[in-house]
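Since the structure comes first, as structure tokens, the remarks are kept for the end.
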Amino acid sequence: MNRLWTIMRKELYHIWRDPRTLAMILALPALLLVLLGYGISGESRDTTLAVVDYSKSDASRDYINRFTASDDFEVVYDVLSEAALINLIDRDLIDVGILIPEDFARQLMSGQQATAQIYIDGSMNPTDSLTVQLKLNAISSMAAQDILVERVERAGLASGLTLPITGILKTLYNPNGNNKLYMIPGLIPILLQVQTLLLSALAIVREREQGTMEQLISTPVKGPELILGKLLPYFAVGMFDVLLAVLMGEFLFDVPLRGNVPLLFGVSAAFLVGALALGMVISIVAKSQLLASQLAMILTFLPSFLLSGFMYDIGNMPRPVQIVTYLIPARYFVALLKGIYLKGVGLEVLGVEAALLVVFGGAMVVLANVKFKKRLNSATSLKG
């Protein structure tokens, strides 16, 4: 136990005296969570809008107000011609333009079909463009439906008129479509893996570059004790980051934690053990700190970011890629956090994902121990 504590104290001392490591521990998780939480929101809110209103009537103003009633659209220009409207789109000053003809109100009052021309900047991201189109169509259809109902009421036919089918929509877990409720739980695994794996990936190779590995080998410290002594400080750091992410989600992003708090920290601990042990394997195999950091980013960050289900739906991926995702531990952690955060479910639903995380962590610990023993044996044979 004394030997283990000695290694832990040495690693803690290194963390404390190294400003870069300390900054990575304290500032990086919060900074990345803020940047990614606000930057990669995936929401098309405050879509900029310009209007050409030739009608200048109550009907045209009511039609425009339907688009600006929510946070989805914001009128930033009121121009006088179609050419000026298109010029704003060409200069990337607006995303959408609406042109209302002069006879808009007259056609509505006479029971005719009124037409409003809507321009969309198709050079934006295709996903954003499609989202904007869907919102515009929905708002325009609702406006037309309300006007149709008013016409029917004025004709005295509304008393016997009922819709044949009424669809009642009820969105569970995220009824307001708040994208942060989806993003923040998915970001936690990515941030944890990036930080803790980078830190642990440098643990052994740093000793080797500094020439202190031979001193550690010559001490009575055993291989498992050395691995555990180096991992435990970073495990504590990772658990602190989980707490920090939960608090930031609650108080900064207004993302409530609906599920079981001990279960959240339990599955986070299982994920951290596997990520740290994998980082230790990389540190044992790599020849330099630069190579170790590059391997950590390539083998973990990119697959976790792209194939965990955080950014892209796994069900929409090609079948061979879906099979590969089963090898990504972040896939299970993302599913666990979303289930705990959004749905408030427990192991009765998420038991398989939790078990697979535990298996991954155990396998990585065994692999790190085996690799380190081989490294010790080879070093001892070379020394002899």
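What follows draws every value from the coordinates through simple rules; no lab data is involved. Every value quoted in this text rests on a predicted model; they were computed, and no experiment measured them. So basically every Cβ, Gly included, is an ideal-geometry build from the backbone, and we count neighbours across all protein chains shown.
Restricting attention to the stretch 254-331, which trypsin sites (Lys or Arg not before Pro) occupy a DSSP loop and are surrounded by at most 14 other Cβ atoms within 10 Å? Don't jump to the answer; show the numbers that get you there.
Values: sites: 258, 287, 331; in loops: 258, 287.
Listed in order of number, the matching sites are 258, 287.
Please list, by residue number, every one of the trypsin sites (Lys or Arg not before Pro) in the stretch 68-146 that is coil in DSSP and has at most 16 other beta-carbon atoms within 10 Å. Each step should come with its number before you reach the end.
Numbers: sites: 91, 106, 135; in loops: 91.
Answer by residue number: 91.
Projecting label points 7 angstrom from Cα along Cα→Cβ for residue 34 and residue 82 puts them 4.8 nm apart.
What is the sum of charges around residue 84, taking Lys and Arg as +1, Asp and Glu as -1, for the other residues whose C-beta is under 11 Å from the C-beta of residue 84?
Numbers: positive: 91; negative: 78, 82, 90.
So the environment of residue 84 carries a net charge of -2.
Distances over 21 Å make up what percent of all Cα-Cα pairs in the stretch 47-159?
Tail fraction, whole percent: 39.
Hey, fewest Cβ within 10 Å first, where do 55, 110, 304 land in order? Write out the running numbers ahead of the final one.
Details: 55 21, 110 9, 304 24.
Exposure proxy ranking, most exposed first: 110, 55, 304.
Relative contact order of the stretch 47-159, taken over Cα pairs closer than 8 Å and 6 or more residues apart, is 28 percent. Residue order for 282, 147, 340, fewest other beta carbons within 10 angstrom first, comes to 147, 340, 282. With θ taken as phi - 60° and the Karplus curve 6.51 cos²θ - 1.76 cosθ + 1.60 applied, the whole-hertz 3J(HN,Hα) list for the stretch 253-265 is 9, 6, 10, x, 9, 7, x, 7, 5, x, 5, 4, 6 Hz, x standing for glycine and proline.
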